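Read the structure below first, then the notes.
The values are calculated or read from the model by the stated rules, or taken from the named source; none is laboratory data. Everything numeric here is computed off the predicted structure, so don't read it as measured data. Every residue, glycine among them, receives a Cβ derived from its backbone with ideal geometry; neighbour counts consider all protein chains shown.
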C-alpha cells in the first residue's frame, strides 16, 4: 500500500516523532485511508481527500497542516490578505474589527480584503448556471466535498457546479486590479487565510483545469493566535494598511449553513457535517433524490464556522456571523465592478473522478480478491475494534487480500491460533509490537 | 460472486438496501460509473416493486467479469397484464404508496431501458421473477 506520512495534495503531514499511534484518526477517516503500523499512523495518500477529520481528533497534534511559511509574504512589495468572515467571528464582540485590521497591517500585510466580496456576483452566476445544467447542481464551494465526490462518488462528478468558489474569484479580482494599476507580477502577493485544510489542497492543486492566482495559504488557527497575542500585548501600531472592507450580509452569511442555498431559485437544500453528507450523497447516487435543483453540501458541521482551523466553538462562531450580518447592508459598492469581469473568469472545466482502486484494475482479479476478502471478513469478529491497526474488520480483510496485512493481525484469530498451539506467545507479542510499536510493551516491564 | 438479499413487502424503510450494497460492491470492483448507475437505477426500481406490490422476495445477484445478473424472485399477486405494466406511466400503486414518492409508474419500462437483457415471468397469485442482465462493457 502506498502508505505515506503526508497526503495526496500534501496538505497534511503526520509528524512521526509526535504521533503516539493512538488510532483515533483511523476511525474517523471517511475514506478509511489511515492505518497504524509500527506504532505510528500512516496515510494511504491516494485515498485521502484532505478533509482534516483526522486533524480534528488527534490528541497530540501530530497531524500538521502544511501551510506556507508566514515570512514568505515579505517576498512581495504589495501583500494582500484575503480574510474569510469566520476569522472575525473567532473573536468575542468586544474586539473591534478596526483593531484586528490594524494588527493585520502591523504583522506585515499592506492590504486586507474580505474573501466573500465576490459572493453577490457569484450568486447571480449560480442562478444562471442552475437554469441550464443537469439537476441537482452540487455547489463547488467546499473542497473536501468535491474530493469526497471524486473519490467515493465518481458517478456524481458531473453534478458539481463548474463555477469557481468565492476565494478564487476575489483573488482573480485582485490580480486584475494589480494588472490594471500596472503593478508587476513579482511585486504583489495574494495570500489566503484559510479556516480549513481542504482549501490548502484546493489552492495548491486545484480541480477543473485551473491555476490559482493565490501565492500562499496561511493557517487561520496559527494566525488567530498571532493576532490575539498582539491584541493582548497591545503592540503599538506603526504600519498603515489599506482596508477593503466592502462586504454584504449575503457575503458574511455565505460560509454558514444555508448561506448559499437560501439565495438559489428553485428547490435548494443545505447539508452539513461529514456523516450527513455521505448519507445524502449515497441517496443521490441511488437516484432516490428527485426534483431538487441545488445542493449546498459542506463537510463540516455548521459549515465553515466549524472549520478544522476554526478555534472558537462552531455555534458561537455562526452566531457571531449572523449578528454581524444584521448590521451591514444587503449589497456593497464593488458589486458592479465584480459583475463586469466575473463571468469571464468564474468558469472552470469539468472535474474528473479520482478512482480509489480497492482490489485491482483488472475486474477479473478484483472479483477474485473481493471473494477472498468476503470469506476472510466472515472469520473476523465484526466488532471493528481496530486492534489490528485497520479501522474495521472489512478494511483488514481488504488489506490482507492486497497483501498489505497478515491475517494474524486480528487479535481474535490470534487468540484462537494461540489456543490451538499454532503460534507461540512470543510470536503473538511480536505481532502486537509490529502494529503498535515496541515501546508500548516495554514500559510495563 | 454471489449475493443474496431478502426483501419484505411493505417495508419502505429498508427498500434500497440491496441496491446500496450492490452499488458499494461494484464501486469497489472499479466498474464504470455509468454502468453502476444503470445497475442501481434498475435494481432500486425492481426492489421497490417487491416492497410495494409483493409479500416478500429474494434478490440474487451474480457478478462475473463480463457483467452482473440480477434475479428478483417474489411471492405476490403476480402481474395480470405484463404488456400494460410495461407501458410508460401505467401504475397500480395505491395512493399511500404514491404519497411516499413511489409508484409513479415507469417501473418496468425504466428497468428494461437500463438493462442489456430483461425478462419477466409471472404467475397470478404466485409471484413474479425478473431477470436483469447488465454488461460491464
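Table: residues versus (1) part of a loop (DSSP other than H, G, I, E, B); (2) surrounded by fewer than 17 Cβ atoms within 10 Å (Cβ to Cβ); (3) not assigned by TED's automatic domain parsing to the domain that holds residue A:220.
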site	(1), (2), (3)
A:19	yes, no, yes
A:27	no, yes, yes
A:31	yes, no, yes
A:36	no, no, yes
A:41	no, no, yes
A:46	no, no, yes
A:50	yes, no, yes
A:54	no, no, yes
A:60	yes, yes, yes
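Does residue A:419 qualify as being surrounded by fewer than 20 Cβ atoms within 10 Å (Cβ to Cβ) and under 30 Å from residue A:162 (Cα atoms)? Can you show your working first?
Working: surrounded by fewer than 20 Cβ atoms within 10 Å (Cβ to Cβ): yes; under 30 Å from residue A:162 (Cα atoms): no.
No.
For residues that are under 20 Å from residue A:390 (Cβ atoms) and over 36 Å from the mean Cα position of the chain (by Cα), scanning just the stretch A:428-445, find the one that is surrounded by the most Cβ atoms within 10 Å (Cβ to Cβ).
That would be A:428.
Find the residue count for the stretch A:360-373, including only residues that are within 7 Å of chain B (Cβ to nearest Cβ) and buried (at least 16 other Cβ atoms within 10 Å of the Cβ).
4
Do we have residue A:190 as at pLDDT 95 or above, farther than 14 Å from residue A:342 by Cβ, in contact with a helix residue (DSSP H, G or I) (Cβ under 7 Å, 6 or more places away or on another chain) and within 14 Å of another protein chain (Cβ to nearest Cβ) here?
no
Kindly establish whether residue A:309 is in contact with a strand residue (DSSP E or B) (Cβ under 9 Å, 6 or more places away or on another chain), away from chain B (no Cβ under 14 Å), surrounded by fewer than 20 Cβ atoms within 10 Å (Cβ to Cβ) and touching a residue at least 40 places away in the same chain (Cβ under 8 Å).
Answer is no for this residue.
Anything in the stretch A:70-94 that is surrounded by fewer than 16 Cβ atoms within 10 Å (Cβ to Cβ), outside any helix (DSSP H, G or I) and touching a residue at least 12 places away in the same chain (Cβ under 8 Å)? List them, or say none.
At the first step, the residues of the stretch A:70-94 found to be surrounded by fewer than 16 Cβ atoms within 10 Å (Cβ to Cβ) are A:71-72, A:74-75, A:77, A:92-94.
Cutting the leftovers down to outside any helix (DSSP H, G or I) gives us A:77, A:92-94.
Listed by number, the residues that qualify are A:77, A:93.
Just give me the residues in the stretch B:67-82 being out of contact with any helix residue (DSSP H, G or I) (no Cβ under 9 Å at 6 or more places or on another chain) and not in a strand (DSSP E or B), in sequence order.
B:78, B:80, B:81
Could you please find all residues in the stretch A:131-152 being within 14 Å of chain B (Cβ to nearest Cβ) and crowded, with 22+ Cβ neighbours inside 10 Å?
Of everything in the stretch A:131-152, those that are within 14 Å of chain B (Cβ to nearest Cβ) and crowded, with 22+ Cβ neighbours inside 10 Å turn out to be A:148, A:149.
So residue A:349 ticks every box in (1) surrounded by 15 or more Cβ atoms within 10 Å (Cβ to Cβ); (2) part of a loop (DSSP other than H, G, I, E, B) but one. Which box is left unticked?
Tallying (1) surrounded by 15 or more Cβ atoms within 10 Å (Cβ to Cβ); (2) part of a loop (DSSP other than H, G, I, E, B), residue A:349 fails exactly one: (1).
Residue A:377 passes all but one of (1) in a loop (DSSP other than H, G, I, E, B); (2) within 14 Å of chain B (Cβ to nearest Cβ); which number fails?
Every listed condition holds for residue A:377 apart from (1).
Yes or no: residue A:381 touching a helix residue (DSSP H, G or I) at 6+ places or on another chain (Cβ under 6 Å), surrounded by fewer than 17 Cβ atoms within 10 Å (Cβ to Cβ) and outside the structural domain of residue A:158 (by TED's automatic domain parsing)?
In short, yes.
Taking the options A:325, A:395, name whichever one is outside the structural domain of residue A:41 (by TED's automatic domain parsing) and within 30 Å of residue A:177 (Cα to Cα). Reasoning before the result, please.
On the way: A:395 fails: within 30 Å of residue A:177 (Cα to Cα).
Result: A:325 is the single residue among A:325, A:395 that is outside the structural domain of residue A:41 (by TED's automatic domain parsing) and within 30 Å of residue A:177 (Cα to Cα).
How many residues does the stretch A:283-305 hold that are in a helix (DSSP H, G or I) and without any contact (Cβ under 8 Å) to a residue 12 or more places away in the chain?
The number of residues fulfilling the criteria is 1.
Being touching a helix residue (DSSP H, G or I) at 6+ places or on another chain (Cβ under 8 Å), in a loop (DSSP other than H, G, I, E, B) and facing another protein chain (nearest Cβ under 10 Å) is the filter here; which residues of the stretch B:3-36 pass it?
Correct list: B:15, B:16, B:30, B:31.
Looking only at residues that are in contact with a helix residue (DSSP H, G or I) (Cβ under 7 Å, 6 or more places away or on another chain) and more than 30 Å from residue A:78 (Cα to Cα) in the stretch A:153-176, which one is farthest from the other protein chains (Cβ to nearest Cβ)?
Looking at the filtered set, the residue picked out is A:161.
Mind counting the residues in the stretch A:96-109 that are more than 28 Å from the chain's Cα centre (by Cα) and either crowded, with 18+ Cβ neighbours inside 10 Å or touching a residue at least 40 places away in the same chain (Cβ under 8 Å) (or both)? Working first, answer last.
First pass over the stretch A:96-109, keeping only residues more than 28 Å from the chain's Cα centre (by Cα): A:96, A:98-99, A:102, A:106.
After this cut, where a residue has to be either crowded, with 18+ Cβ neighbours inside 10 Å or touching a residue at least 40 places away in the same chain (Cβ under 8 Å) (or both) as well, the list is A:99, A:102, A:106.
Residues meeting the conditions: 3.
Of all residues in the stretch B:37-61, which are within 11 Å of chain A (Cβ to nearest Cβ), in contact (Cβ under 8 Å) with a residue 60 or more places away in the chain and in contact with a strand residue (DSSP E or B) (Cβ under 9 Å, 6 or more places away or on another chain)?
Once the filter is applied, which keeps residues that are within 11 Å of chain A (Cβ to nearest Cβ), in contact (Cβ under 8 Å) with a residue 60 or more places away in the chain and in contact with a strand residue (DSSP E or B) (Cβ under 9 Å, 6 or more places away or on another chain), the stretch B:37-61 yields B:38, B:39, B:42, B:43.
Can you go through A:336, A:287 and tell me which one is over 30 Å from residue A:66 (Cα atoms), within 14 Å of another protein chain (Cβ to nearest Cβ) and surrounded by fewer than 20 Cβ atoms within 10 Å (Cβ to Cβ)?
The unique qualifying residue is A:287.
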